[in-house]
Amino acid sequence: MAQNSEHKYTRQQVENLLEACLNKTLGEIDKNHVFDRTKTNPKITGIAGDVIEQSVFGYNANSDSSPDLNIDGILTELKTTGIRISKKNPKEYEAKEPMSITGVSPNVIIDEEFSDSRFWHKLAHLLLVYYLYASDKTVLAAEYANFLVKGYQFLEFSEDDKKILEQDWLIVRNFIRSLEKDEKRYPEISHLRDKLLFIDTAPKWPNPPRFRLKRTVVSNIVQKHFNGSLEQLPKSYDTYAEIDKKCHEITKQYKNKTVAELMEGFKIEGKIDKGIGERLVVKMFGGTAKKMQDIDLFSKIGLLGKTIVLTEKGRRTEDMKLFRINFDEISNVDEQFTDSVFFDYFAENQILCIIFEEHDKDDFSKNTFLGFKRLSFSDDFIDLNVKSVWSRIRELVIYKELKDVPVFDAKGKPKINKTGIPQTAPNFPKSSEGMIFVRGDSSDSTKKPETVNGISMYRQYIWIKGSYLSQKLDEKDFL
């Protein structure tokens, strides 16, 4: 790759420029009046990056495939990245979106090796500038002027992370090589998603796809920069195949042991419930954290642990709770499905099902460990089942069609709370209507802390039907 001799800086110069921007708005640092363009083009994209490039570093954007800056002789890619306050933990930040890296150019990538690829040259040395996207709704470009610059970071991936990026890139490159320029098969590139740890490709063919770092990966980088490190596993894993192999080894070692035996063996104390499944997995992988998302690797790749309990006949009918609905996002008229938390959850995350067999429904400690199965969600599933629910929830909220309606039991009789009050619930999509549905949840049935369109309700979550999970698990072998 040719050196970018135009934009030369020392590291000290870069730090001085960016330190002067911290806790100022993008509008305040826009000395070159980049925001003037929004007057004639109110929905222009990339305005935050344009301000940093033009008003801080003094150069115009270009389509050059080489990195943007030359810092002390090191070619460095500048990425201006939106962060927002985490819904799970208001004291933490998360990434606003995945990070676009470079185009997937079939005629170029087939002749590349990783170390000399456009992809790696863009990622080898990064300068990340973070601005706080302080809105739950999509805003017009001019409103970015109100967003604060919160930090910056020189980032080089660790050797372990570099190996993962290389393996991901090779999966894509080798797939393209296997096509032998058969363009009819290019849409299958999106089917690689369940094999890739750190990256994906978007948009779908025939639109020219680009490599992206998953939002989970970018959020991990953000959280470590602002809040410190997550726990590292004692062994590295570069592909899902290696993770699956470890799961297989764990199963051989611990299959048919009871929860009580496993807790004693791993010296785990405390409450015995379904949450114990994640703690056991972490211990089995050599970690100490209580949740899989506190492990650096699992957090980055979006591998979620969910405990599955089968009856002795192998049946499971219990539905699975996935994530809480953010109604501020839902009511955003301008948001596209592919930019939503709904889409990201199903597209970027995979579920490691930690499977136990039930022997006493009243005593979880007697359940025996059977092994693992890994589930991912196909494009067809997302388009058919998830998008329709997302659209319906938005219709109900945006067009004020949301109602609080009585809840009936299987015999058609009104359900009554323990307090003697008839149960009611919003008319969101129900489990009887599809694989993905909405259900409220609360630790106190007398309190309804969520208010949407003036209707008080329990916190609302997206669930997936147990019958669907049973079907998908039956189709898969244990790892």
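Out of the DSSP beta bridges found with both residues in the stretch 39-169, what percent are antiparallel (nearest 5)? Working shown, then result.
Numbers: 12 of 19 bridges.
Taking every DSSP beta bridge with both residues in the stretch 39-169, the antiparallel ones total about 65 percent.
Order D161, D194, most accessible first, counting only protein heavy atoms with a 1.4 angstrom probe.
From most accessible down to least: D194, D161.
Using all C-alpha to C-alpha distances in the stretch 178-230, build P(r) with 10 Å bins and read off the rounded percent in each one.
Percent of pairs per bin, in order: 22, 39, 23, 12, 4.
Would you mind getting the accessible area per residue of the stretch 181-242, heavy atoms of the protein chains only, 1.4 Å probe, in Å²?
Values: 3080 Å² over 62 residues.
Averaged over the residues of the stretch 181-242, the accessible area is 50 Å².
By DSSP, what percent of the beta bridges with both residues in the chain are antiparallel, rounded to the nearest 5?
The antiparallel fraction comes to roughly 70 percent.
So for the stretch 67-124, taking the charge dipole from beta-carbon charges (+1 Lys/Arg, -1 Asp/Glu), which of Y93, H121, P106 sits furthest toward the positive end?
Highest projection toward the positive end goes to Y93.
Using Cα pairs closer than 8 Å and at least 6 residues apart in sequence, work out the relative contact order for the chain, in percent.
That works out to 12 percent.
How large is the convex hull of the Cα atoms of the chain per residue, expressed in Å³ as a whole number?
176 Å³
For the chain, give the percent of accessible area contributed by carbon and sulfur heavy atoms, probe 1.4 Å, rounded to a whole number. Present the calculation step by step, with values, prior to reporting the outcome.
On the way: 11200 of 23960 Å².
Its accessible area is 47 percent carbon and sulfur atoms.
If you line up the Cα atoms of the stretch 132-216 on their principal axes, what length do they span on each, largest first, in Å?
For the stretch 132-216, the Cα extents along the three principal axes come out at 49, 34, 18 Å.
Please report, for the Cα atoms of the stretch 62-157, the Rg to one decimal and the Dmax as a whole number; what are they, in angstrom?
According to the Cα coordinates of the stretch 62-157, Rg and Dmax are 16.0, 46 Å.
If you take all C-alpha pairs in the stretch 376-436, what percent of them are over 13 Å apart?
Details: 1288 of 1830 pairs.
When every Cα pair of the stretch 376-436 is considered, 70 percent fall beyond 13 Å.
Rg over Rh of the stretch 1-134, using C-alpha atoms and the Kirkwood radius, what does it come to?
Rounded to two decimals, Rg over Rh is 0.99.
Take the eigenvalues of the Cα gyration tensor for the stretch 23-77, scale each by 5, and report the square roots as semi-axes in whole Å, largest first.
Details: eigenvalues 105, 40, 14 Å².
Over the Cα atoms of the stretch 23-77, the ellipsoid semi-axes are 23, 14, 8 Å.
Largest first and in whole Å, what are the equivalent-ellipsoid semi-axes of the stretch 203-353 based on the Cα gyration tensor, each being the root of 5 times an eigenvalue?
Gyration-tensor ellipsoid for the stretch 203-353: 31, 20, 17 Å.
Taking the convex hull of the alpha carbon atoms in the stretch 314-395, what volume per residue do you get, in Å³?
Spread over its residues, the Cα hull of the stretch 314-395 gives 129 Å³ apiece.
With runs of 4+ DSSP H residues as the only contributors, calculate the mean residue ellipticity of the chain at 222 nm using -39,500 (n - 2.57) per run, divided by the residue total and rounded to the nearest 500.
-7500 deg cm²/dmol
Considering only protein heavy atoms, what is the solvent-accessible area of S432 at a probe of 1.4 Å, reported in Å² to the nearest 10?
Spelled out: S432, probe radius 1.4 Å, area about 100 Å².
Just to be sure I follow the rule: in the stretch 313-412, considering lysines 8 or more places apart or on different chains, how many pairs have Cα atoms under 28 Å apart?
The result is 18.
Between T446 and K274, with labels modelled 7 Å along Cα→Cβ, what's the label distance in nm to one decimal, could you check?
2.7 nm
Working from the alpha-carbon coordinates of the stretch 307-457, get Rg over Rh, Rh being the Kirkwood radius. Can you show the working numbers first?
Details: Rg = 18.1 Å, Rh = 18.0 Å.
We get a ratio of 1.00 for the stretch 307-457.
Just the number: Rg to Rh for the stretch 386-474, Cα atoms, Kirkwood Rh, two decimals.
Values: Rg = 14.2 Å, Rh = 14.4 Å.
Across the stretch 386-474, the Cα-based Rg/Rh ratio is 0.99.
So how far apart, in nm, are the two label points at N41 and K255 if each is 7 Å from Cα heading toward Cβ?
5.9 nm
Let me check something: with ligands and nucleic acids excluded, how do W169, W205, W120 order by accessible area (1.4 Å probe), largest to smallest?
Putting W169, W205, W120 in descending order of accessible area: W205, W120, W169.
The values are calculated or read from the model by the stated rules, or taken from the named source; none is laboratory data. Every value quoted in this text rests on a predicted model; they were computed, and no experiment measured them. With ideal geometry, Cβ positions are generated from the backbone for all residues, glycine too; neighbour counts draw on all protein chains shown. Accessible surface areas use protein heavy atoms only, side chains included; no ligands, DNA or RNA. Shrake-Rupley method; radii C 1.70, N 1.55, O 1.52, S 1.80 Å.
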